[in-house]
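Trainee: Supplied in structure tokens, the structure appears directly below.
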Amino acid sequence: MPAPKNTFKAAIREDQFQLGLWVALASPYAAEIVSGSGYDWLLIDGEHGPNDIPLLSAQIQAVARSGSHPMVRLPVGETWMIKQILDTGAQTLLIPMVESVEQAQALVRAVRYPPHGVRGVGAALGRASQFSRIGDYLETANDEICLIVQIESRAGLAALDDIAALEGIDGLFIGPSDLAADMGYLGQPGHPEVTAAIADAFARIKKAGRARGIMTLNLDQAGIYRDMGATFMAIGTDVTLLVGASTKLREDFLTGGKSEAKPVAGY
Ligand SMILES: O=C(O)C(=O)C[C@H](O)[C@@H](O)CO
């Protein structure tokens, strides 16, 4: 019995668009709730959500029976952290702030077992192998891991072509907020110069034959990114949806339904 098939990896390899939602409430209950909303993938955010490995693992379990594939973002691409989260059963990882081909090469090795990498062998204790019930896990795991790296700085853009050319990198995700900040447009992810940089990045990633990922809280910008050729895109977050909906409900009541409240823009 092999490792579970990574349906998200298979879809982006075929350039089948995948629609996602950001999950940062750090709650297995909330993750399970949104996993029933029909998104192709959910980004479980270990970078900006108050998550640790046990809580990330609980959210992976909470969405397991849904049709939404869990993508886990670690706070940093540390080998020991990658080892732990893969053993919990995460199969798709998003690693932030990748800025060199050397960094990307280390990440490819961290998600693979020897001889192709340095992932520690301990999945027999983990949910990844269904606690040893998947007899062929070690031999089949590498192929079902999907590694997505974030390009979200000028240094990352400069190294993009070399990173995208690396075997073992399945996709490159452009982080508009951090890229805007690094370009001098803090809080302006939709700035025309940022959008132009993203368009160029997408074209280069596509030329390298890799998947293009992004996120936005603005549906107009989502249309722009979709037209640019995004392969996978998140269009909202559980946090900002909760803030926006709860605020608007109160104001609608107080104004007899004439509330001018806008969903939280986020950034
Ligand atoms: O830089 C970005 O944009 C991202 O990486 C996404 C943000 O971290 C996400 O939390 C929305 O602000």
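The values are calculated or read from the model by the stated rules, or taken from the named source; none is laboratory data. In this text, all values refer to a predicted model and were calculated from it rather than measured experimentally. Heads up, the Cβs are rebuilt from the backbone with ideal geometry, glycines too, and the neighbour counts pull from every protein chain shown. Note: areas computed on protein heavy atoms with side chains; ligands, DNA, RNA excluded. Shrake-Rupley method; radii C 1.70, N 1.55, O 1.52, S 1.80 Å.
Trainee: Under a 1.4 angstrom probe, counting protein chains only, how are M97, M228 ranked by accessible area, largest first?
Mentor: These residues rank, largest area first, as M97, M228.
Trainee: Can you give me the long-range amide H partners of Q18? Hydrogens built in the peptide plane at 1.01 Å from N, cutoff under 5 Å, separation of 5 or more residues or another chain.
Mentor: Under 5 Å from the amide H of Q18: F232, M233.
Trainee: Run through the stretch 57-149 and list the trypsin sites (Lys or Arg not before Pro) located in a DSSP loop whose Cβ has at most 12 other Cβ atoms within 10 Å.
Mentor: For trypsin sites (Lys or Arg not before Pro) across the stretch 57-149 that sit outside H, G, I, E and B with at most 12 neighbouring Cβ atoms in 10 Å, the list reads R65, R133.
Trainee: Residue-wise, which Karplus ³J(HN,Hα) couplings in Hz belong to the stretch 115-126, taking 6.51 cos²θ - 1.76 cosθ + 1.60, θ = phi - 60°, and x for glycine or proline?
Mentor: x, 8, x, 10, 4, x, 8, x, 5, 4, 8, x
Trainee: Here's something else I'd like to know. Please list, ordered by chain and number, the residues whose modelled amide H lies under 5 Å from the amide H of T237; skip anything fewer than 5 residues away on the same chain.
Mentor: So T237 has HN proximity to W22.
Trainee: Could I ask something else about it? Report the charge-dipole magnitude of the chain in Debye, nearest 20, computed about the Cα centre from +1 at each Lys and Arg Cβ and -1 at each Asp and Glu Cβ.
Mentor: Dipole magnitude for the chain comes out near 440 debye.
Trainee: How tilted is helix 192-207 with respect to the longest principal axis of the chain? Cα atoms for both, answer in degrees (0 to 90, nearest 10).
Mentor: Once rounded, one gets 30 degrees.
Trainee: If you don't mind, there's one more thing I want to ask. What is the stretch 113-256's relative contact order, in percent, from Cα pairs under 8 angstrom and six or more apart in sequence?
Mentor: Averaging sequence separation for qualifying contacts and normalising by length gives 15 percent for the stretch 113-256.
Trainee: Hey, what does the equivalent ellipsoid look like for the chain, semi-axes from the Cα gyration tensor as sqrt of 5 times each eigenvalue, largest first, whole Å?
Mentor: Equivalent ellipsoid semi-axes, largest first: 31, 24, 15 Å.
Trainee: Please work out the Cα center distance from the stretch 35-67 to the stretch 127-194, rounded to the nearest Å.
Mentor: The stretch 35-67 and the stretch 127-194 have Cα centres spaced 17 Å from each other.
Trainee: Amide H of Q150 versus every other amide H placed in the peptide plane: which residues, excluding those fewer than 5 positions away on the same chain, fall under 5 Å?
Mentor: I95, M97, V98, F173
Trainee: Measuring from label point to label point, each 7 Å out along Cα→Cβ, what is the V76 to M183 span in nm?
Mentor: According to this spin-label approximation, the distance is 2.7 nm.
Trainee: Multiply the residue separation of F131 and F17 by 0.36 nm, subtract the distance between their alpha-carbon atoms, and state the gained length in nm to one decimal.
Mentor: 37.8 nm
Trainee: Still on this structure: Label point 7 Å out from Q61 along Cα-to-Cβ: which residues of the stretch 9-34 have amide N under 20 Å?
Mentor: Inside the label zone: 23-34.
Trainee: Further, regarding this structure: In percent, how large is the relative contact order of the stretch 172-267, given Cα pairs closer than 8 Å and 6 or more residues apart?
Mentor: Computed value for the stretch 172-267: 24 percent relative contact order.
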